[in-house]
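Participant: I have a structure I would like to understand better, so I am pasting it below and will then ask my questions one at a time.
Each value in this text was obtained by applying a stated rule to the coordinates, not by laboratory testing. These numbers come from a predicted model, not from an experiment. When we count neighbours, we look across all protein chains shown, and the Cβ atoms used for this are built from the backbone with ideal geometry, even at glycine.
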Amino acid sequence: MFLNQVYKDPHSEQLTQLRVVFEHIDYLMLIDINDANAWPYRVDINEFYSLGLVKEPDPITLRTPERSSKTEKARDRAFTTISPLLENYVDLFDKKLRNTHIRSIIEMAGEPRLYITRQLRRYWQRGMAPDALTPDYSKCGAPRKARRNTKSKLGRKRSVSPGQGMIITDEIAEIFNLAIEGFYLIREDVDLPKARAKAIGFIKSRYPTIRESELPTDIQFRYFFEKNYSKPEVIKAKSSSIEYEKDIAPLRSTAVTNNFGPGARYEIDATIADVYLVSNQDPDRIIGRPIIYKVKDVFSRLTVGLYVGLENPSWATASIALANTFCDKVEYCKQFGIDISHADWPSIGIPATITADRGELLGKHGDILVNRFGITLSNTRAYRGNDKGIVEKSFDTMHVDILPYVEGKVQPFNGKKKAGKRNELSANLTLFDFTKMVIVSEINRNTTTPLKDYDFESDMPTSLAPIPVKLWLWGIKNRTGLLREIDQKLITINLLPHDNATVSVMGICFKGLYYTCAEAVSVGWFHKNKSAKRPKSVEVAYNPLDTNIIYIRPDNQFDNYWTCSLQSRSRRYLDMTFTEAVSILNESRGTIAATKQKADYKAPDVQAELEKITKVAAERQQKADISNSSQRLHGIRENRTKEKDLERQKNRDSQKQSNTDNKATVTPINSNSNTKEDVGFDYPDLDDF
């Protein structure tokens, strides 16, 4: 094994150290590691043995640069430049082929030829590893040697201020650097005059006897700063790395560049709308701000999917937006009283890639997208919303379209108007109303509003208007073709959020609501017989916007499900969202709990009253003349009959007294003196029957 070994030539007068940069069965390629102009040369294997070279330890120690240091950046730049050359490694040993490859690198990388040849030679001479290209900055410079004019102050003389000014020596330059790098560059609220004041404080601490006229002027400090610190470096230093990359760094490309056509990549994201809503059931109840999920096609900017609801951003909510994305929107719009044709919203089918926030598409349902539908999932970097800038920007345009027409919008000053009125109190839109407004806005954006600064490809005709639906249709026809379609019901159910429900004789209980289905009844899940087998819990898929139906997953098969409907015992929650149903259920439970507290508070009083009654009865029984047990037991039937007659007579007497008190004056129409005595109009008693 000769590759990358270093051999010393003991017969040479000068120090000659040779490194093996290529090993073949018949020959080796060697390079002199001490010659600044050396190139590899060929030596036959037999000749190599005859040279009498002595193997020695590698004299060059490679050092790995610190992370994010200037040295690391220089190394990476050099290795990136020569990496394409190393792909044709054997060609580099032929001068003509090597020059051909170098010329192509010059055109591609834009680096000078001298830089490329030096880095390639350095790569061979120092060990053929990326760290071999690390600059030896430790050998640069002239430590402890002054480089400044310390005899007289540079620049023009003062014409107004007294004194000669300060000479900028190495020590003063060090203080300037300390004030700039340790104070100005690391704090956003510090400007250059404050940094100069900090530098003056350092100077006074080091030179206590310095006079006022000898302090550095603002012009001196500013000249030093501008000479030693470039503006891009200052901007980058005063910004966090995340803020710089997201908001400040120059754009290198556009979103459409790497997306061939419709469906190549979808972006999905959520936001909280800047408006408050009221309940569909009770307009007096303010339900807060809705969540909006959007799915955008990057190529055409078409909004391909929507979700408007009260569920917090999560996979469960994103899955509803994705199910809407993959299916026809005509029926979806009909639910809100909007009639459209397929041509108005033509996005149906499965995309190639979906980009979402980190973690949002991870888990079981993400596996369904990948394994069952063949979709590639990609996550954005942390704190890098610009990785999906298309959908992020669309939320701004949606608010621009809708907010001028609504009440209860969010204000930027702590939710209060200047008059002191809370803006939430003026809310009057329901979730249904707001969803309808969002749909109308998106249809308008999709079909009529031209995109601003859309970057067309070279093959796009000039007659093609930058309108999302037209770009989509052109791309379908000329680029990607129709997207893959699947059964809408199956994909909707499999993308819905899943959770566990319990099973009992009362039905399938999910979030406090009870459901039933024919399949569960047929297998005996709800039989009261204890021998009937039923699972304690089942996995269900549900639409957070609809309490009427849930779907049971009896097994893990993609295409197997049972449809369950809401039982009559839960009819109170019909035609609601689960958020509204849970809210009402919790309020009801709160009412019941408060009522139970009152009952518990009164229970001791009731208990005391009952005990008092039984105590009086017991005392009365003790005072009574009681016969023997046999006589008492023998006369129960007769005693019951007597007591019943007494109770009836008591009721008759009570009824007669009540009727007498409430008699009305009766005037007979035909008076007859021979008429029998009036029997009255009393109610008959039981004996009359």
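Participant: Over the Cα atoms of region 386-505, what is the Rg over Rh ratio if Rh follows Kirkwood?
Facilitator: Here the Rg-to-Rh quotient is 1.11.
Participant: Over all directions, what mean area does the Cα convex hull of the chain project, stated in square nanometres?
Facilitator: In nm², the orientation-averaged hull projection of the chain is 74.9.
Participant: With contacts defined as alpha carbon pairs under 8 Å and 6 or more residues apart, what's the relative contact order of the chain in percent?
Facilitator: This gives 7 percent for the chain.
Participant: Still on this structure: For region 14-29, in order, what is each residue's ³J(HN,Hα) by Karplus, 6.51 cos²θ - 1.76 cosθ + 1.60 with θ = phi - 60°, in whole Hz (x at glycine and Pro)?
Facilitator: Running phi through 6.51 cos²θ - 1.76 cosθ + 1.60 with θ = phi - 60° gives 8, 5, 10, 10, 10, 10, 7, 9, 7, 10, 10, 5, 10, 8, 10, 10 Hz.
Participant: Nearest 0.05, what FRET efficiency do I186 and Y137 give at R0 = 25 Å with Cβ-Cβ as r? Could you put the intermediate results ahead of the total?
Facilitator: Values: r = 24 Å, r/R0 = 0.94.
Calculated value: 0.60.
Participant: Going 7 Å from the Cα of L610 in the Cα-to-Cβ direction, what parts of region 564-604 have a backbone nitrogen less than 19 Å from that spot?
Facilitator: 596-604
Participant: OK, next. What residues from region 495-513 fall in the zone where the backbone N is under 17 Å from a label point 7 Å along the Cα-to-C-beta line of S568?
Facilitator: 506-508
Participant: Applying a 10 Å radius around every beta-carbon, put 525-531, 397-403, 349-355 in order of their mean neighbour count, most first.
Facilitator: Ranked from most to least packed, the peptides come out as 349-355, 397-403, 525-531.
Participant: Here is a follow-up. Run the quick spin-label model on S458 and Y405: label points 7 Å from Cα toward the beta carbon, then report their separation in nm to one decimal.
Facilitator: For the pair S458/Y405, the computed spacing is 4.4 nm.
Participant: At R0 = 25 Å, how high is the FRET efficiency between Q649 and R620 if r is their beta carbon distance? Nearest 0.05 is fine. Walk me through the numbers on the way to the answer.
Facilitator: On the way: r = 23 Å, r/R0 = 0.90.
Once the sixth-power term is evaluated, E becomes 0.65.
Participant: Something else: On full extension of the chain, what length is gained from K598 through V160, given 0.36 nm per residue of separation minus the C-alpha to C-alpha distance?
Facilitator: 148.8 nm
Participant: Separate question: Can you bin region 6-56 into rounded, prolate or oblate? Criterion: square roots of the alpha carbon gyration tensor eigenvalues sorted a ≥ b ≥ c, rounded for a/c under 1.5, prolate for a/b above b/c, oblate for the rest. If you can, show how the numbers build up before the last one.
Facilitator: Numbers: a/c = 2.06, a/b = 1.24, b/c = 1.66.
Cα axes put region 6-56 in the oblate bin.
Participant: A further question on this structure: On a full-extension model of 0.36 nm per residue, what is the gain between R637 and F93, subtracting their alpha-carbon distance, rounded to one decimal in nm? Intermediate results must be reported in sequence, preceding the final value.
Facilitator: On the way: separation 544, 0.36 × 544 = 195.84 nm, distance 12.64 nm.
Residue separation times 0.36 nm, minus the Cα-Cα distance, leaves 183.2 nm.
Participant: Against the longest principal axis of the chain, how steep is helix 95-109, in degrees 0 to 90 to the nearest 10, with axes from Cα atoms?
Facilitator: The angle comes out at about 50 degrees.
Participant: What spacing in nm lies between the two simple spin-label points modelled at Y41 and K153, each 7 Å away from Cα in the Cβ direction?
Facilitator: 6.2
Participant: If you take the beta carbon distance between R211 and I235 as r and set R0 to 35 Å, what does 1/(1 + (r/R0)^6) give as a FRET efficiency, to the nearest 0.05? Intermediate results must be reported in sequence, preceding the final value.
Facilitator: On the way: r = 37 Å, r/R0 = 1.04.
Calculated value: 0.45.
Participant: Pairs K70/K236; K294/K477; K334/K489; K204/K236; K615/K642: which are spaced more than 19 Å apart, C-alpha to C-alpha?
Facilitator: Over 19 Å apart, Cα to Cα: K294/K477; K204/K236; K615/K642.
Participant: With Cβ to Cβ distances under 13 Å as the rule, what net charge do the other residues near A501 carry (K, R +1; D, E -1)? The partial results should precede the final answer.
Facilitator: Working: positive: K511, R534, K536, R553; negative: D499, E539.
That works out to +2.
Participant: Less than 27 Å apart at the alpha-carbon level, and either on another chain or at least 8 residues along: which lysines does that give for K528?
Facilitator: Cross-link targets: K511, K536.
Participant: Right, here's the next one. Taking H as built 1.01 Å from N, whose amide H comes closer than 5 Å to the amide H of D269, not counting residues under 5 places away?
Facilitator: Amide H to amide H, under 5 Å and 5 or more residues apart or across chains, D269 pairs with K294.
Participant: Report the residues of region 279-308 in range of a label on T447: point 7 Å along Cα→C-beta, backbone N strictly under 17 Å from it.
Facilitator: 302-306
Participant: Using 0.36 nm times the number of residues separating H342 and N548, minus their current alpha carbon distance, what extension gain do you get?
Facilitator: My answer for the length gained is 71.4 nm.
Participant: Are there any GluC sites (Glu not before Pro) in region 438-520 that are in a DSSP loop and have at most 16 other Cβ atoms within 10 Å? List them by number.
Facilitator: Passing sites in region 438-520 are E457, E485.
Participant: If you average 1/r across every pair of different Cα atoms in region 518-627 and take the reciprocal, what Kirkwood value do you get, in Å?
Facilitator: The Cα-based Kirkwood calculation yields 19.3 Å.
Participant: Give the value in nm², to one decimal: projected area of the alpha carbon convex hull of region 70-137, averaged over all directions.
Facilitator: 4.3
Participant: Give, as a single signed number, the net charge of other residues whose beta carbon lies under 13 Å from the beta carbon of Y514, with Lys and Arg counted +1 and Asp and Glu -1.
Facilitator: Details: positive: K511, R569, R571, R572; negative: none.
Once positives and negatives cancel, what remains is +4.
Participant: Now a separate question. Take R640, R372 and order them by how many other Cβ atoms sit within 10 Å, fewest up front.
Facilitator: The most exposed by this proxy come first: R640, R372.
Participant: If you line up the long axis of helix 218-228 against the longest principal axis of the chain, both from Cα atoms, how many degrees apart are they, to the nearest 10?
Facilitator: 80
Participant: Could I ask something else about it? Taking N as the number of residues in region 170-238, what value does Rg over Cα atoms divided by 2.2 N^0.38 Å take?
Facilitator: Its radius of gyration relative to the 2.2 N^0.38 Å reference: 1.08.
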